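The values are calculated or read from the model by the stated rules, or taken from the named source; none is laboratory data. No experiment lies behind these values; they were computed from the predicted model shown. FYI the Cβ positions are ideal-geometry reconstructions off the backbone, even for glycines, and counts take in every protein chain you see. These accessible areas exclude ligands, DNA and RNA; they are computed on the full protein's heavy atoms, side chains included. Shrake-Rupley method; radii C 1.70, N 1.55, O 1.52, S 1.80 Å.
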Amino acid sequence: MSVTGFIFRPLYWAFGKVFSVWARPAIRPESPADYITDSAAAVCYVLETGGLADVLALERACAQNGMPSPTEAFEFCGVREAKRFIVMRRNKGFWVRRPSTTASQRLKRLVEGAEKCEQELLLIPVAIYWGRSPDKEHSVFKLMLSENWEIVGRTRKFFVTLLHGRNTLLRFSHALPIRSICTGDIDAKIAVRKVSRILRVHFRQRRTATVGPDLSHRRTLVQQVLRTPAVRQAIIAEAGDDFRKQEVSRRRAEKYALEIAADISFPTIRILVRLLRWLWNRIYDGVEVNHMDRLHDVAKSKEVIYVPCHRSHIDYLLLGYVTYVEGLHLPHVAAGINLNLPIVGGILRRGGAFFLRRTFKGNRLYATVFDAYINQVLVKGSSMEYFVEGGRSRTGRLLPPKGGMLVMTVNSYVKSQQRPLVFVPIYFGYEKLFEGDSFINELGGAEKKKESIGGLVSTIRSLRDHFGKVYVNIGEPVELEPILNRLHPEWREYEYESESSERPPWLAAIVEELGTEIMQGINSAAAVTPISLLAYVLLATPKQTIGLDELRRQIEVSLKVLQRFRYSDSVTMPDWSADKIIEHGEKLEVISRSAHPMGEVIHMTERTAVLMTYFRNNILHLLAVPASVACCFIQGRQLPHEELQRLIRLIYPFMKRELSMKWNQDEIDDVTTEAIKSLIDLEILSYSSDRKTLVRPPAGSAKAFQLLMLGQSMVPMLQRFYLAIAILVSNGSGVLTRSRLEVMCEQSAERLSMIYGLHSPDFFNRSLFQDFIRTLQELGVLRRNADGLIEFDDDLTNIGADARLVLGEEIRHSILSLTVAA
């Protein structure tokens, strides 16, 4: 050992011991050793900036994951290197530290050696972020308290390590095989520059995705918004040439901007992360995140807009927590002004929330200020999160997309054309909701309660309950540019008037297509939870009661159908046994069991059953086509294949709208055939000897019962369709207005559910009838005359006649009797 080594090794060991006590970096991914794909290859780590703290952090991470130590010597192609790491952005000088302009000599030697032998070398980039806070303009502490884009000196690194040792992220990336670059006749100097460039670009993209862009101070951002031409023009349009009125309007615009703007505080965020970690462990069995690699892939080079489904107020906190823990910078989150409560609003604002009013109508100045704020945030390269549904779903189905935020986002991109913009659909799967009871009450006609501190306190009391597990599934990203190129190829040539807030006339078609793709992307990433499976099966029974053995078999059948008829590769399913799923339902008090001499019986109360319609609807789209096929055999034993396709083709437009399904009308015949094949594989459907007619199992058999149960999930939807058609036919063409028809449908459905089935507001929800009527109009089956009355032809009667193949005679007579009474 050299004299230098004799002196410094004990010091390095001592520093390592102190470091291990104080600094505990979070390591991503959880198993970085998987990146060493070739056991015979030499391994060398690549750090962005280096320094003792970074090396100690890397040493600790490698030791925890059984990877080679960065400080040990290694041999590659006959050359022995003293250390197993390279630093890309180095400082030179002892007293005065300056950035070095020369390339790493170790990297140069390794690249040159790779050209002379057959051994592989894996360069593993390792990015380390101390504090993870992006720069904030005019922030007094930015040089000491946060990670930013500059190479730091020893003094600052000491304080950064001291202050942020327990709020540090260490991220390994996929290995770069050096021989894939140093092949052919490429010159060694060129190869070194190429490898260096690849690594520099990688670290720059990774830093953008993790730390985020430079952020302006809130007051500075507000002033930038007020100086935009569109806001100045809106002020003049409101106040005219009177300078005093202009000043009043300018102050009101500033008030609007301050009401809107987020005020991100990283100390607040760190406190929130710790609080949320405690909260998730307190009320949930865990938070399961799936397909996160998709998000990491796009975040490196694209600007991300998170577009999750909206199930609960927890959504805001959950996505922010997941992005932070996964090492991505926090998005700006759009929140309704109803959440800007005393104390709570300030905390949310410091966590990245910006607030918007429910409507912009009649207030052009507010709308212009909000639009300018969105543009400023996007131009600076920050990610954003908003709910395209507008509000929380009360039924468990996705709501139709609202265009407001999408319009402003797309308009900003067309106007500025910064980094490529990508929308990431996200599915939240809950097993129990804080808001469950209030959702049911609101669907039943109760007035929506305003958010308040009292409501928050009552919610806190429910933390003693158990809420199962939460699933966060990342959908396939939806890129904006391909949609723009497909629907309006000349979008890049569009010229905005310098002081106009007018939007391109073709923007509406872009936003409609984008909204549709986002909603379909959310549904394609659905999480099938144990509770949603139990709800799906039990709600298909007449009294939400079933024998234990029958429940086991039906859960297994449902899972097998989901596995064979794959709605999407992004859908996740539990790998639990039927018994474990049932046990989990009992734990969450969703179901209970009663003893009986002929076997135990599983049931749920009516109140619970009404709540469970929400969770059944979460997954209804996944099984809609095979369930519709099964539904066609409830009243008859056999049906020709082509006739079955015709029936599914007939009802699919209504299913597609209600359940946000992904297939086009011209695809549905093939999809129906796939669904039939999955049921045949399970032996609950078969072909007759002519291979053209489908036959169900004999009545009374276990297989026939399973087919019947599968089909029952689609019966309520078909009952609503038949009810609406029956009301129209009984009243005649040109008699009812659309609003009157909707009221009659809602009232008749409510009465029907009270008498013949589960009295669930989900069945008689008016929005479902609105969607059905709107689809009939789009198909040309219904039309409105000059007086606003609905007219129709015989086609409508023909559609109603097909219901006889599915709905029983009793329920059809009941519906017809209701329409006569109406």
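General remarks:
- Residue check: Leu639 meets all listed conditions (1) within 29 Å of Gln777 (Cβ to Cβ); (2) of a type in the set (A, V, I, L, M); (3) outside any loop (DSSP other than H, G, I, E, B) but one, namely (1).
- Flag set for Ser628, criterion: crowded, with 23+ Cβ neighbours inside 10 Å and hydroxyl-bearing (Ser, Thr, Tyr).
- Region 217-247 - residue that is open to solvent by 60 Å² or more (accessible area, probe 1.4 Å) and under 36 Å from the mean Cα position of the chain (by Cα) and, of those, modelled with the lowest pLDDT: His217
- When the residues of region 248-273 are filtered to those that are open to solvent by 60 Å² or more (accessible area, probe 1.4 Å) and modelled with pLDDT under 90, the one that is farthest from Thr368 (Cα to Cα) is Ile271.
- Residue in region 358-368 that is within 25 Å of Leu317 (Cβ to Cβ), assigned to a loop (DSSP other than H, G, I, E, B) and open to solvent by 10 Å² or more (accessible area, probe 1.4 Å) present: yes
- Residues satisfying the stated conditions in region 553-567, i.e. open to solvent by less than 20 Å² (accessible area, probe 1.4 Å) and either among the polar types (S, T, N, Q) or outside any helix (DSSP H, G or I) (or both): Gln554, Ser558, Phe565, Tyr567
- Residue that is farthest from Ser713 (Cα to Cα) [pool: residues in region 576-604 that are open to solvent by less than 70 Å² (accessible area, probe 1.4 Å), part of a helix (DSSP H, G or I) and in contact (Cβ under 8 Å) with a residue 24 or more places away in the chain]: His584
- Scan of region 274-307 for residues that are free of Cβ contacts under 8 Å to residues at least 60 places away in the same chain and either surrounded by 17 or more Cβ atoms within 10 Å (Cβ to Cβ) or not in a helix (DSSP H, G or I) (or both), ordered by number: Leu276
- Count of region 26-41 residues which are touching a residue at least 40 places away in the same chain (Cβ under 8 Å) and part of a helix (DSSP H, G or I): 2
- Scanning region 553-567 for residues that are of a type in the set (Gly, Ala, Ser) and either modelled with pLDDT under 95 or touching a strand residue (DSSP E or B) at 6+ places or on another chain (Cβ under 9 Å) (or both) yields no hits at all.
- Residues located in region 167-185, provided they are more than 13 Å from Ile124 (Cα to Cα) and surrounded by 13 or more Cβ atoms within 10 Å (Cβ to Cβ): Asn167, Thr168, Leu169, Arg179, Ile181, Cys182
- Counting only residues that are surrounded by 15 or more Cβ atoms within 10 Å (Cβ to Cβ) and either of a type in the set (A, V, I, L, M, F, W, C) or under 25 Å from Arg607 (Cα atoms) (or both), region 724-742 holds 8 of them.
- Subset tally (residues that are closer than 28 Å to Thr775 by Cβ and either hydrophobic (A, V, I, L, M, F, W, C) or outside any helix (DSSP H, G or I) (or both)) for region 658-684: 11
- Extreme residue, nearest to Ser412 (Cα to Cα), among residues of region 498-515 that are open to solvent by 50 Å² or more (accessible area, probe 1.4 Å) and at pLDDT 90 or above: Ala508
- Of all residues in region 516-552 being surrounded by fewer than 24 Cβ atoms within 10 Å (Cβ to Cβ), out of contact with any strand residue (DSSP E or B) (no Cβ under 8 Å at 6 or more places or on another chain) and of a type in the set (Ser, Thr, Tyr), the one that is nearest to Leu487 (Cα to Cα): Thr516
- Region 660-672, residues that are touching a residue at least 12 places away in the same chain (Cβ under 8 Å), open to solvent by 10 Å² or more (accessible area, probe 1.4 Å) and under 25 Å from Ala525 (Cβ atoms): Ser660, Lys662, Gln665, Val671
- Matching residues, region 691-718, being of a type outside the set (Ser, Thr, Tyr), surrounded by fewer than 16 Cβ atoms within 10 Å (Cβ to Cβ) and in a loop (DSSP other than H, G, I, E, B): Arg691, Lys692, Pro698, Ala699, Gly700
- Considering only residues in region 428-476 that are at pLDDT 85 or above and more than 15 Å from Ile531 (Cβ to Cβ), the one that is surrounded by the fewest Cβ atoms within 10 Å (Cβ to Cβ) turns out to be Glu476.
- Against the list (1) closer than 20 Å to Pro425 by Cβ; (2) surrounded by fewer than 17 Cβ atoms within 10 Å (Cβ to Cβ), the condition Gly346 fails is (1).
- For region 733-777, the set of residues classified as charged (D, E, K, R), touching a residue at least 40 places away in the same chain (Cβ under 8 Å) and part of a helix (DSSP H, G or I) consists of Arg738, Arg751, Asp771, Arg774, listed by residue number.
- Taking region 519-552 as the range and being more than 29 Å from His291 (Cβ to Cβ), outside any helix (DSSP H, G or I) and not β-branched (Val, Ile, Thr) as the test, the residues that pass are Ala540, Pro542, Lys543, Gln544, Gly547.
- Subset of region 412-437 (residues that are more than 20 Å from Ser393 (Cα to Cα) and part of a helix (DSSP H, G or I)): Ser412, Tyr413, Val414, Lys415, Ser416
- Arg311 being surrounded by 22 or more Cβ atoms within 10 Å (Cβ to Cβ), within 25 Å of Ser568 (Cβ to Cβ) and touching a residue at least 24 places away in the same chain (Cβ under 8 Å): yes
- Only one of the listed residues (Arg616, Arg607) is farther than 22 Å from Val289 by Cα, open to solvent by 10 Å² or more (accessible area, probe 1.4 Å) and outside any loop (DSSP other than H, G, I, E, B). That residue is Arg607.
- Within region 369-404, if we keep just the residues that are modelled with pLDDT under 90 and of a type in the set (A, V, I, L, M), the residue that is surrounded by the fewest Cβ atoms within 10 Å (Cβ to Cβ) turns out to be Val379.
- Residues within region 774-802 that are open to solvent by 20 Å² or more (accessible area, probe 1.4 Å), of a type in the set (Gly, Ala, Ser) and at pLDDT below 70, tallied: 1
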